[in-house]
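Right, one structure below, let's go through it.
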Amino acid sequence: MLEPEIIIFSLQPYLHELLSQYSKYKLVWIDKITDIDKYLSGKTYKLIIIDQNNDLFKVSNKIKSPILRLSDKIYNTENQLYLSKPISIISLFDRIELLLNNIQSDNAVRFGTYYDFYYDLKMVTNIITNESFYLTEKEVNIIKYLLEAKEEVTKSELLKSIWNHSSDLDTHTVETHIYRLRQKFNSNEEVILTNELGYKLKKH
């Protein structure tokens with residue numbers, strides 16, 4: 001018999017119905033406080049899912065494994081992420097996959113106020129809305145370059161580093177890609193900052 005990989009603390013039937021379709025990992029359901037020590041004592045799992053709207057929410061201080069909380073509010077910490085209600089099956093499965101990939105590769109970087117950038121997945125997730133979008137290869141390279149930069153990056157520097165173009169080449173390539181990136185973020189927060197010195201990523 002396989003060892004459980006994802007533990008779910010919940011009393012809600014709707015969650016059972018949603019996750020019954022997720023068969024990639026072995027799931028174990030816990031709906032009694034008395035079962036906590038049985039499953040958590042000296043053990044680590046790929047993921048713990050906690051439904052906040054029950055008493056089991058109080059046990060999180062005993063858990064060392066990464067946690068996904070299903071909640072009406074958002075408060076993300078290093079070892080915990082929230083998925084706001086109401087929950088759709090797509091957003092739930094996407095968040096589980098993101099968490100598991102992040103746990104396996106430990107490659108997420110936070111920038112702006114609420115964006116997580118996953119290097120391996122070439123994906124950005126808004127931790128408030130739970131929306132994710134993929135980046136093109138060039139967009140990934142731009143984000144990486146701006147993340148690593150300690151100060152503003154000029155258009156010429158991006159052209160040379162990302163596209164291997166001469167700095168005196170007259171092109172709107174950089175402006176076009178920056179515009180498309182801003183469209184993807186589609187938030188009230190200005191994530192890619194621009195001034196007379198060049199471009200800068202708003203870092204966490």
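The values are calculated or read from the model by the stated rules, or taken from the named source; none is laboratory data. Quantities reported herein were computed from a predicted structural model and do not represent experimental measurements. All Cβ positions, glycine included, derive from the backbone under ideal geometry; neighbour counts span all protein chains shown.
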Among the residues in the range 102-115, are any within 11 Å of the chain's Cα centre (by Cα), part of a helix (DSSP H, G or I), closer than 30 Å to PRO13 by Cα and at pLDDT below 80?
yes
Count - residues of the range 36-73 that are part of a loop (DSSP other than H, G, I, E, B), out of contact with any Leu (no Cβ under 9 Å at 6 or more places or on another chain), surrounded by 12 or more Cβ atoms within 10 Å (Cβ to Cβ) and modelled with pLDDT under 75:
1
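Can you tell me which residue is surrounded by the fewest Cβ atoms within 10 Å (Cβ to Cβ) among those in the range 123-159 that are β-branched (Val, Ile, Thr) and touching a strand residue (DSSP E or B) at 6+ places or on another chain (Cβ under 7 Å)?
Filtering the range 123-159 down to residues β-branched (Val, Ile, Thr) leaves 124-125, 127-129, 136, 140, 142-143, 153-154.
Restricting the remaining residues to those that are touching a strand residue (DSSP E or B) at 6+ places or on another chain (Cβ under 7 Å) gives 124-125, 127, 143, 153-154.
Working: VAL124: 25, THR125: 22, ILE127: 19, ILE143: 22, VAL153: 21, THR154: 13.
So, considering only residues that are β-branched (Val, Ile, Thr) and touching a strand residue (DSSP E or B) at 6+ places or on another chain (Cβ under 7 Å), the one surrounded by the fewest Cβ atoms within 10 Å (Cβ to Cβ) is THR154.
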Are there any pairs with C-beta distances below 7 angstrom linking a residue in the range 102-116 that is over 19 Å from GLU148 (Cα atoms) to a residue that is at pLDDT 75 or above, with the two at least 6 apart or on different chains, and if so which?
ILE103/LYS46; ILE103/PRO66
Scan the range 4-14 and tell me whether some residue there is at pLDDT below 80 and among the acidic types (Asp, Glu).
no
Do the conditions hold for LYS200, that is, is it at pLDDT 90 or above and out of contact with any Gly (no Cβ under 7 Å at 6 or more places or on another chain)?
yes
